[in-house]
Amino acid sequence: MVSVKQLRPFAGASLESFRAASGSVALIQQPVESAFKSVVPAMVGMRTVGMAHRSRMGERLLAMLRDFDNLEVHFLQPNQDGEEFTVGRTDTCDLMVPEPSVSQHHATLRWNAGTGDFSVRDAQSMNGTFINGAPLGFKAQVMLHDGATLAFGDVQFLYLRAETLHEHLRLAVPGTPAP
């Protein structure tokens, strides 16, 4: 996993090269607190902790955007239509989120090659999955769109297509030529 700051040198790469190296989609998040990284592995089989910040999702998103350079980037690289990626706090998940408000298997992301985006389905998690602050309904599978916010319990992500992230990197590095 890399930070946005570590990706800045790739701002001058072509979009095609950037996408080939990174994948189609990025999930960007604040780094998980180091205390959680050491505690969560011992929580396997234990109950999920209740959400602490549900009422402050918008406030936490703004704080996240103010520190954009230090956010962590998770690239999703699907190989075929319908491929699924699991999200949860255990190391058996494709996207491990070591935070106590995240269930062991919290949600599933499913690739739709036709639209170039993922859909998300909550896996009956304790604290729910949220898209742009709205809770995902029971058994609902909702298509994600470029720029959406996605939350699993207390952990928020920005869902960005590779071309959007590449453009943000390009604009943030002075003197980078337009593609």
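The values are calculated or read from the model by the stated rules, or taken from the named source; none is laboratory data. Here the structure is a predicted model, which means the values were calculated and not measured. All Cβ positions, even for glycine, are placed from backbone atoms using ideal geometry, and neighbour counts span all protein chains on display. These area figures cover heavy atoms from the full protein model, side chains too; ligands, DNA and RNA do not enter into them. Shrake-Rupley method; radii C 1.70, N 1.55, O 1.52, S 1.80 Å.
Among the conditions (1) part of a loop (DSSP other than H, G, I, E, B); (2) buried (at least 19 other Cβ atoms within 10 Å of the Cβ), the only one that PHE85 does not satisfy is (1). Can you spot a residue in the range 122-137 that is in contact (Cβ under 8 Å) with a residue 24 or more places away in the chain, within 21 Å of SER22 (Cβ to Cβ), open to solvent by less than 60 Å² (accessible area, probe 1.4 Å) and not in a loop (DSSP other than H, G, I, E, B)? No, that holds for no residue. Within the option set THR86, THR129, being among the hydroxyl-bearing types (Ser, Thr, Tyr), touching a Cys at 6+ places or on another chain (Cβ under 9 Å) and at pLDDT 95 or above holds for one residue only, THR86. Of the set (1) touching a residue at least 12 places away in the same chain (Cβ under 8 Å); (2) within 15 Å of the chain's Cα centre (by Cα), all apply to LEU169 but (2). Go through the range 2-56 and tell me which helices (runs of 4 or more DSSP H), entirely inside it, have 2 or more residues that are modelled with pLDDT of 90 or more. Filter on the range 2-56 gives 4-7, 15-22.
A quick yes/no check of all residues on (1) farther than 20 Å from VAL2 by Cα; (2) among the hydroxyl-bearing types (Ser, Thr, Tyr):
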position: PHE75; (1), (2): no, no
position: GLU84; (1), (2): yes, no
position: THR92; (1), (2): yes, yes
position: VAL97; (1), (2): no, no
position: GLY114; (1), (2): yes, no
position: PHE118; (1), (2): yes, no
position: GLN156; (1), (2): no, no
position: LEU169; (1), (2): no, no
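Look at the range 150-170 and say how many of its residues are of a type outside the set (A, V, I, L, M, F, W, C), farther than 14 Å from GLU72 by Cα and surrounded by 20 or more Cβ atoms within 10 Å (Cβ to Cβ). Number of matching residues: 3. Flag: THR108 matches the condition of being at pLDDT 95 or above, farther than 25 Å from GLN6 by Cβ, open to solvent by less than 30 Å² (accessible area, probe 1.4 Å) and assigned to a strand (DSSP E or B). The condition of being of a type in the set (D, E, K, R) and crowded, with 16+ Cβ neighbours inside 10 Å does not hold for ASP146.
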